[in-house]
1. Which residues in the stretch 334-366 place their backbone N less than 18 Å from a point set 7 Å from the Cα of SER265 along the Cα-to-Cβ direction?
2. In the stretch 264-347, what percent of the accessible surface is made up of carbon and sulfur (1.4 Å probe, ligands and nucleic acids excluded)?
3. Could you tell me the calculated FRET efficiency between ALA363 and GLN203, based on Cβ-Cβ distance and R0 = 45 angstrom, to the nearest 0.05?
4. Quick check for you: with a 1.4 Å probe and neighbouring chains kept, what is the accessible area per residue of the stretch 245-365, in Å²?
5. How would the stretch 245-365 be classified by its alpha-carbon gyration tensor: rounded, prolate or oblate, with rounded meaning a/c under 1.5 and the a/b versus b/c comparison settling the rest?
6. Could you give the distance between the Cα centres of the stretch 164-185 and the stretch 343-366, to the whole Å?
7. Using bins 5 angstrom wide from zero, how does P(r) for the stretch 121-280 break down, in % of all Cα pairs?
8. Taking the Cα centre of the stretch 1-81 as the origin and placing charges on Cβ (Lys, Arg +1; Asp, Glu -1), which of ASN66, LEU6, ALA21 is farthest toward the positive end of the dipole?
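The values are calculated or read from the model by the stated rules, or taken from the named source; none is laboratory data. Just so we're clear, the structure is a prediction, and the values are computed from it rather than from any experiment. Methodologically, a virtual Cβ is constructed for each residue, glycine included, from the backbone with ideal geometry; neighbour enumeration extends over all protein chains shown. For the accessible areas, the whole protein counts, side chains as well, though only heavy atoms, and no ligand, DNA or RNA atoms are used. Shrake-Rupley method; radii C 1.70, N 1.55, O 1.52, S 1.80 Å.
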Amino acid sequence: MEVPLLDLKAQYATIKDEVLAAVSEVLESQRCVGGPKVAELEEKIAAISECKFAVGVSSGTDAILNSLMSLDIGAGDEIITTPFTFFATVGCISRTGAKPVFVDIEPRTFNINPELIESAVTEKTKAIMPVHLYGQMADMDLIMEIANKHDLAVIEDAAQSITSTYKGRKAGGIGRAGCFSFFPSKNLGGIGDGGMIVTNDEQLYQRLFIMRNHGSKPKYYHRHIGGNFRLDPIQAAALLVKLPYLDQWSEARRRNAVYYDKKFSGTVVQTPYISPDCISIFNQYVIRVPRRDELMAHLRDNSVGCEVYYPIPAHLQECFSYLGYKEGDLPEAEQAAKEVLAIPIYSELTDEMKDYVADMILAFLS
Ligand SMILES: *Cc1c(COP(=O)(O)O)cnc(C)c1O
């Protein structure tokens, strides 16, 4: 049996006619940049995130970059974040000229450990950027408390966690800005790149809006240096088709997670820990296992898709060597990088497929 890590064709088959009609509508209109689809998606994403404002952008990466630029973060500033994340989180901080400052993770959730944040705050700290990894939000109460005490902005990297909740509140809606990605492998994925920023801060919203179009306001007058961070209306059209299905797809992922949890209970496989404060959307189902690399090779040899998110924590990436971190500095993130493995969790998986994946893992490890 073949079980890929993600099967976008299976999802597309269920919505193909709707997507084609929506894309065709954009093409017929020839509103190829901006337009009503982008505005409609912004309104809807703001609503589901319980935020007042949303700005569609070209990717999750540009959502983060625009947020940092719009908060005037740059050279001389420090941003506290997690080393256990996708590259973009840290890449964007660095691209603004600011310095990423890493705080280790909480090993059960893989998210930034809020207990360690305050000792990393200096007079140069401007913001904290928690990442809601794998679909589960970081421990936001303590993060917001520290941010408020030291007057820091909180930018949520919610690229993997749209509609996820923490104590009933939505991802992206707690900090000053929340960043989403519509990369095809995210729970709400486009048919190409896309992203969005949500906020309740009207002034920040105005700035984000201007900055995504080169900082131009009025047209051809530039008080700020922005970029081309615009969301493609074809992406917005496809995303508007998918949005009504998002909750049922996430629900199916949660059911699959429960199924795996049962199969792995009492075994050497460490299943994901979801805090009682959180509802995860399971963008990934990540287990911790001994002999991870051998298991990964075995699964791939047997046509089971799996992946390591992420094999090298940011502080040990070659491009960030200038920051001066060394192995051993952030032990929990380093240990996680050696033990984690994401296995198929997408909504269209059948029970037979889940049994195949789980049984193969258990047979290999026993
Ligand atoms: C996907 C992702 C991003 C970047 O989003 P893109 O749309 O691929 O640019 C940023 N942060 C995290 C945690 C992500 O998973």
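1. 355, 358-359, 362
2. 49
3. So the FRET efficiency works out to roughly 0.20.
4. For the stretch 245-365, the per-residue accessible area is 46 Å².
5. Verdict is prolate for the stretch 245-365.
6. Cα centroid of the stretch 164-185 versus Cα centroid of the stretch 343-366: 29 Å apart.
7. Percent of Cα pairs in each bin: 2, 8, 13, 16, 17, 16, 12, 8, 4, 2, 1, 0, 0.
8. Going by the charge dipole, the pick is ALA21.
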